[in-house]
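Structure record follows, encoded as structure tokens.
The values are calculated or read from the model by the stated rules, or taken from the named source; none is laboratory data. The structure displayed is predicted, hence computed values, not measured ones. Methodologically, a virtual Cβ is constructed for each residue, glycine included, from the backbone with ideal geometry; neighbour enumeration extends over all protein chains shown.
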Amino acid sequence: MPQDALWYKDAVIYQVHVRTFFDTNGDGIGDFRGLAQKLDYLQELGANAIWLMPFFPSPLRDDGYDIADYTSVHPNYGNLDDFKLFLNAAHERGIRVIVEMVLNHTSDQHPWFQESRSSRDNPRRDWYVWSDTDTKYQGVRIIFVDTELSNWAWDPVSKAYYWHRFFSHQPDLNYDNPAVREEMWKVMQFWLDLGVDGFRLDAVPYLVEREGTSCENLPETHAVLRELRAKLDEQFPGKMLLAEANQWPAHLRAYFAEGDEFHMAFHFPLMPRMFMGLKLEDRKPITEILKQTPQIPQLCQWCLFLRNHDELTLEMVTDMERDYMYDQYARDKHMRINVGIRRRLAPLLDNDRRRIELMNGMLMSFPGTPIIYYGDEIGMGDNIYLGDRNGVRTPMQWDGGWNGGFSAADPESLYSPLMLNPVYGYQAVNVQSQKRFDHSLLSWMKRIVKVRKSTPVFGRGTIDFLYPENHRILAYMRQLEKESILVVNNLSSTAQAVELDLRRFKGNILIEMFGRNIFPRVGDLPYLLTLGPYQFYWFRLRKI
Amino acid sequence: MSDESVLTDEFLRQLINVGEADILVGVPTYNNAATVGQVVQTIRAGLLKYFPRERAVIVNADGGSRDQTPDLVRGASINDAQVSTDIQALRTLHSISAEYPGEPSTGTALRTILASADLLRASACAVISPDSTTIEPDWIERLLRPVYQGTYDFVTPLYRRHKFDGLLIRNLVYPMTRAFYGKRVKEPYASEFAFSGPLGTHFLGQEIWTHEAGRTGTEISLTISAITGGYKLAQTFLGAKPHVDARSADLVAAMRQTVGALFWSLEPNYQLWSSHADSQVIPTLSPGQEVTLEPLRINRRRLLGMFHSGVAELEPVLKQILSPPTISELQRIATLEEDEFSYGDELWARTVYEFAASYHKSVISRDHIVQALAPLYRGRAFTFLVENRESTGEEVEQNIESFCLTCERLKPSLVELWNGRK
Amino acid sequence: MREMIVNELTQATQELIREFARFLPRLLVMLIVVLVGWIIAYLVKWILRSILRLVNFDKLSEGAGAAQLLNKAALPSSTELVSRFAFWVAWLGFVLLGTSALGILGMQEYVSRFFIFLPRVIVALFFMFFGLLAASFFSRAALLWAVNTNMPSPRLLSSAVRVLITIFTASAVFEELGLADSTMLLAFAIVMGAVMLGLAIAFGIGGQHLARRFLESRFAPEKKEVKEGEDELSPL
């Protein structure tokens, strides 16, 4: 693998759960061998990093986020050797692998918890957060509001309460205990030794609890994280830590510290506002959140996404905005869960090719590293009648044949039903048919990833908004050293004309980046552009 | 005259940037810096509260103000280029201001606003006067909601006023509009009103804009146009009527804007108004208390004095306008003592009808006909003030109602005058 | 001797007959011209009448107050009057033309003088017509304004305006016709000057309060005629 300490700034990350991708042993569940076989597909797509969702042994009551053994592979997906096979194959193709690590909690089936709960004198007692009453840490918010009533659960075995910010079967680890911290580092070390390139650390704001606080984003939590980072830098340079912290931008800033905590963090608040701006046909929600986004250290990077395995979260919007989003995107109550919308990208955008392209265009041109959620590159649909958030985790659709090419097993034995309807079903939407045509969504995605990777400006450059008076146009400059790129997006469903103030770029010729045709030179007058519905332009500015 | 001539290039450019709107609120101004800031902020508050999801725009048609009026209007816009404020708004709100060509005139301003509404394809539009200092955010809701829902095309206001405020409207404009056009629109000359997109387009196509009388009395011409076009009308109670300044207390100017335009409208609409005799109620949405009764001190004597001098001095002019019986009747009541003086319903109705007929025949210059009516109206105003001195709100309404019925009853006589003798 | 007388008589008669014979064709020409002229004049009258009817000349002249005047003088309507006048002028022109064909000395000059004078008469009539129209309109406008702004003696003001405009019109007409133009001009100047002087004196000394009130109402509209302790009413 090329040694580039800032590789994550140029990455295009593909998020996938090994279970959903490809099944080679016929048990109806995707596995690592299968994933390894499909690496060519990912390489062709242009992805240069994969983020794997948790594949550890687990009772699977929270889709694998309830881990029962940190240094092994769930037998459903193969074994450690299979994983190594996959990892090497990925590295051969220049694809880095980011592994999910759930630090905050384990499954209640994890041997540590079994020991911890067995008695109050057990050496691992202190590894979890126990209390005789459930009144400590009053007022701390509940995250899974649809299923949990309290952050404390009563353990009948040791007759005490244990703390859990998520499901009650996911007890929180106690990070005040140095043994816990030591052990978790050892876990990470294990995977780093195997060769993984980075970790996505799940639920990091909640590591440490203190009385009288919200128990989120505490300084002690940050100290723990910085400790981990220090060890990482020391022993494994060039590896990356990505924070999952669903917080307002101002709080997120703390997770970068002075460049000595996380390398990357998800920009959660931006994503719903992109969808909102599209429906409002107004750029205001998008520009405002990006204006509020603080500057981050040079080494650090935002991680951007349109959709992921969770619901489209509406925690970080106002009440008025949440109501609007529900009314526009989730009229059917089935689509709503917790405080969000559990739908995939294509159904959210009414399967409108233009809107899908526009959203991906923004994703690829905003300042940050983009993540493609598996299946969105071919426009897969969702099944809102599956429980929890499983509707967006259906099997990958490879072709129009048996089980959509996902598995040779009986369809009834698959880990999840396939999509069957005429619009999003595997016969209509699959990789095989899209590979054949230049005009398919898959082909288009390959092209835009290629253009994105053709310049470091998108990943590493600054962003400056232009504020044309036509509020339906979102326009900004991306700049890195001498290179400048102008991005213009039409957020409305109708054709638009816009005049841009490009005076400081006077004399530059605009070169449209997809077709590489030249557009008129910038002069003294406002630069007039016309755009079709949901169209966008990427222009490279050149002075010759 | 084509539409484009009221939209300067600058205005058009701003409209292009707005693009399309669901709701448009127009504010015609000329040197209104004292009050327009508050009015526009209230309009904005109303839009944010009652239409937060709709695409709204505030359009200011300015006659060339030399004070801060345009800047005050623009200050109400909400967009992402501003430094962040505390305002919770889902969308950009454009508040644009541009000058229309020509001299300051309400007619041109309204036409500019109509043209903007047409180009922006607004479904519901309202016009708010820049000196409506008593405006509340819910006026926006009351005026626009019925139109936005598609239930009505034209919504006129109802105000809480003193029983002696708006005498000209109560004693002449309302009864005559009602008698002629058959709809009981209580405020046919409205400084605040709402209309639908299709009605706005209809307004633009009217003859009003090419005639002096139409341009002076645009507000009432629009009301008449809405009635004659068969559109769905309603009126809604808003609140207290804003206090007006001395300029608009000029009676002759007011008469030109109302009576002049009304008479002028009779010409093209002859078939319509001559063929029916009664009038219909229009729905009143959100009713409210319309009449207040605080004591006012008014110089009635001056009104009567001006009536006397009018009848006496204008005799040669009146002889050309009125019929001999009417003139002699007027001269008779002019001789009465103050406490006996009464300009009765029937005489007043006949007077106005004869004026209308003379206006139609242009016996003398039409503007002079309108001016000549002013002193006679003062006599009528005096009678109204005296008769309703002790009345309650309801009694005033009843008196006006009975006068209206008299007008309706005598309408056939106007039709005769119109066609026949003299 | 008898033969001489008869000879002279015969010669004289022959002379006369010869003169008459020479004169006869000219008379014939004149009669033809007159006849043709009558026809043309009639056509002119007819065309003019149609045109005037089309532009509603009657209405216009009603505005000038001409209709009332004509009515009082038991004259026909303006259209009729103008058309007939045109007829007579045209026919007179042809008659004069005809008489010039008679070759009578001295007639030529009168004829040409007449034709030179004619356009001026027409222009003068225009002036008079429009002047009267303006006088009537503006005097009425002044009357209405004075009544509505509660000025004292509106009729006086109205008449003053009418008189002034009429005098001005009259002097313009006279000047156009060339009748004692310098006298008229002088008289007009004197009258105007006197009126202005008188007004200035009146305003400056006698009519201070009136002048102040007038100026106030014109240039300081905030100060209404409403007295202390009165409330304001708006007609709208």
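Looking at the structure I just gave you, is C:Thr149 at the interface with chain B (Cβ under 9 Å from one of its Cβ atoms), in contact with a helix residue (DSSP H, G or I) (Cβ under 7 Å, 6 or more places away or on another chain) and among the β-branched types (Val, Ile, Thr)?
On the way: at the interface with chain B (Cβ under 9 Å from one of its Cβ atoms): yes; in contact with a helix residue (DSSP H, G or I) (Cβ under 7 Å, 6 or more places away or on another chain): yes; among the β-branched types (Val, Ile, Thr): yes.
Yes, satisfied.
Can you confirm whether C:Phe126 is aromatic (Phe, Trp, Tyr) and outside the structural domain of C:Leu199 (by TED's automatic domain parsing)? Please lay out each step first, then the result.
Values: aromatic (Phe, Trp, Tyr): yes; outside the structural domain of C:Leu199 (by TED's automatic domain parsing): yes.
Yes.
What's the number of the only condition in (1) free of Cβ contacts under 8 Å to residues at least 24 places away in the same chain; (2) under 26 Å from A:Gln496 (Cβ atoms) that B:Asp86 fails to meet? Failing condition for B:Asp86: (2).
Name the single residue that is modelled with the lowest pLDDT among those in the stretch B:191-210 being surrounded by fewer than 18 Cβ atoms within 10 Å (Cβ to Cβ) and under 15 Å from B:Ala109 (Cα atoms). Give the steps one after another, and end with the answer.
Within the stretch B:191-210, the subset surrounded by fewer than 18 Cβ atoms within 10 Å (Cβ to Cβ) is B:198, B:201, B:204-205, B:207, B:210.
Applying the additional criterion that residues be under 15 Å from B:Ala109 (Cα atoms) yields B:204, B:210.
On the way: B:Leu204: 91, B:Thr210: 79.
Residue satisfying both the conditions and the ranking: B:Thr210.
Out of the residues in the stretch B:84-123 that are charged (D, E, K, R) and modelled with pLDDT of 90 or more, which is nearest to B:Leu72 (Cα to Cα)? Filtering the stretch B:84-123 for residues that are charged (D, E, K, R) and modelled with pLDDT of 90 or more, the one nearest to B:Leu72 (Cα to Cα) comes out as B:Glu99. Considering the stretch A:486-522, the residues that are among the small types (Gly, Ala, Ser) and surrounded by fewer than 18 Cβ atoms within 10 Å (Cβ to Cβ) include one that is farthest from the other protein chains (Cβ to nearest Cβ), namely A:Gly515. Flag not set for A:Asn430, criterion: more than 14 Å from chain B (Cβ to nearest Cβ), without any contact (Cβ under 8 Å) to a residue 24 or more places away in the chain, farther than 30 Å from B:Val18 by Cα and buried (at least 18 other Cβ atoms within 10 Å of the Cβ). Looking only at residues in the stretch B:272-296 that are in contact with a Gly (Cβ under 6 Å, 6 or more places away or on another chain) and in a loop (DSSP other than H, G, I, E, B), the one that is nearest to the other protein chains (Cβ to nearest Cβ) is B:Ser279.
When the stretch B:162-188 is limited to residues that are over 14 Å from B:Asn399 (Cβ atoms) and in a loop (DSSP other than H, G, I, E, B), the one that is farthest from the other protein chains (Cβ to nearest Cβ) turns out to be B:Gly182.
The condition of being more than 24 Å from A:Glu183 (Cα to Cα) and more than 14 Å from every other protein chain (Cβ to nearest Cβ) does not hold for A:Pro219. The listed residues are B:Glu315, B:Glu294, and the only one of them that is surrounded by fewer than 16 Cβ atoms within 10 Å (Cβ to Cβ) and at pLDDT 85 or above turns out to be B:Glu315. Take B:Val386 and tell me if it is touching a residue at least 12 places away in the same chain (Cβ under 8 Å) and not in a helix (DSSP H, G or I). Answer is no for this residue.
If you check A:Met364, A:Met335 for being touching a Lys or Arg at 6+ places or on another chain (Cβ under 6 Å) and at pLDDT 95 or above, only one passes: A:Met364. Tell me whether the stretch B:303-326 contains one or more residues that are more than 12 Å from every other protein chain (Cβ to nearest Cβ) and not in a helix (DSSP H, G or I). Yes - at least one qualifying residue is present in the stretch B:303-326. Applying a threshold of 6 Å to beta carbon distances and a minimum spacing of six or more residues, or different chains, the list of pairs starting in the stretch A:466-481 at a residue that is within 10 Å of another protein chain (Cβ to nearest Cβ) and ending at one that is among the small types (Gly, Ala, Ser) and part of a loop (DSSP other than H, G, I, E, B) reads A:Tyr467/B:Ala81; A:Arg472/A:Ser492. Does the stretch B:134-159 hold any residues that are farther than 17 Å from B:Phe51 by Cβ and away from chain C (no Cβ under 14 Å), and which are they? Hits for the stretch B:134-159 are B:Asp153, B:Phe154, B:Leu158.
Scanning the stretch B:335-380 for residues that are touching a residue at least 24 places away in the same chain (Cβ under 8 Å), away from chain C (no Cβ under 11 Å) and not in a helix (DSSP H, G or I) yields B:Glu338, B:Phe341, B:Ser342, B:Tyr343, B:Gly344.
Among the criteria (1) over 16 Å from B:Thr106 (Cα atoms); (2) within 14 Å of chain C (Cβ to nearest Cβ); (3) of a type in the set (S, T, N, Q); (4) in contact (Cβ under 8 Å) with a residue 12 or more places away in the chain, the one B:Asn269 does not fulfil is (2).
For the stretch B:216-250, filtered to residues that are closer than 13 Å to B:Glu187 by Cα and within 14 Å of chain C (Cβ to nearest Cβ), the residue that is modelled with the lowest pLDDT is B:Lys241. Restricting B:Asp71, B:Asp67, B:Asp86 to those that are of a type outside the set (S, T, N, Q), outside any loop (DSSP other than H, G, I, E, B) and surrounded by fewer than 15 Cβ atoms within 10 Å (Cβ to Cβ) reduces the list to B:Asp71. Going by the structure shown, is A:Met419 within 18 Å of A:Asp352 (Cα to Cα), out of contact with any His (no Cβ under 9 Å at 6 or more places or on another chain) and surrounded by 17 or more Cβ atoms within 10 Å (Cβ to Cβ)? When the stated conditions are applied, A:Met419 does not pass them.
For B:Asp22, the conditions (1) within 14 Å of chain A (Cβ to nearest Cβ); (2) among the acidic types (Asp, Glu); (3) out of contact with any Ser or Thr (no Cβ under 8 Å at 6 or more places or on another chain) are fulfilled apart from (3).
Where residues in the stretch B:276-291 are of a type in the set (Ser, Thr, Tyr) and modelled with pLDDT of 85 or more, which of them is surrounded by the fewest Cβ atoms within 10 Å (Cβ to Cβ)?
If we filter the stretch B:276-291 for residues that are of a type in the set (Ser, Thr, Tyr), which is where we start, we get B:279, B:284, B:286.
So of that shortlist, the ones also modelled with pLDDT of 85 or more come out as B:279, B:284.
Values: B:Ser279: 21, B:Thr284: 15.
Among residues in the stretch B:276-291 that are of a type in the set (Ser, Thr, Tyr) and modelled with pLDDT of 85 or more, the one surrounded by the fewest Cβ atoms within 10 Å (Cβ to Cβ) is B:Thr284.
Can you confirm whether the stretch C:117-130 contains a residue that is of a type in the set (Phe, Trp, Tyr), buried (at least 17 other Cβ atoms within 10 Å of the Cβ) and touching a Phe, Trp or Tyr at 6+ places or on another chain (Cβ under 6 Å)? Checked the stretch C:117-130: no residue is of a type in the set (Phe, Trp, Tyr), buried (at least 17 other Cβ atoms within 10 Å of the Cβ) and touching a Phe, Trp or Tyr at 6+ places or on another chain (Cβ under 6 Å).
Note on the stretch A:498-544: among residues that are assigned to a loop (DSSP other than H, G, I, E, B), in contact (Cβ under 8 Å) with a residue 24 or more places away in the chain and within 35 Å of the chain's Cα centre (by Cα), the one that is nearest to A:Leu278 (Cα to Cα) is A:Tyr534. Against the list (1) crowded, with 23+ Cβ neighbours inside 10 Å; (2) assigned to a helix (DSSP H, G or I); (3) within 14 Å of chain A (Cβ to nearest Cβ); (4) not basic (Lys, Arg), the condition B:Glu10 fails is (1).
Would it be correct to say that B:Ile135 is within 26 Å of B:Arg44 (Cβ to Cβ) and of a type in the set (A, V, I, L, M)? Spelling it out, B:Ile135 is indeed within 26 Å of B:Arg44 (Cβ to Cβ) and of a type in the set (A, V, I, L, M).
With respect to (1) under 24 Å from A:Lys186 (Cα atoms); (2) in contact with a Phe, Trp or Tyr (Cβ under 9 Å, 6 or more places away or on another chain); (3) not aromatic (Phe, Trp, Tyr), the lone exception for A:Pro75 is condition (2).
The condition of being more than 14 Å from chain A (Cβ to nearest Cβ) and either within 22 Å of the chain's Cα centre (by Cα) or surrounded by 19 or more Cβ atoms within 10 Å (Cβ to Cβ) (or both) holds for only one of B:Leu93, B:Leu110, that being B:Leu110.
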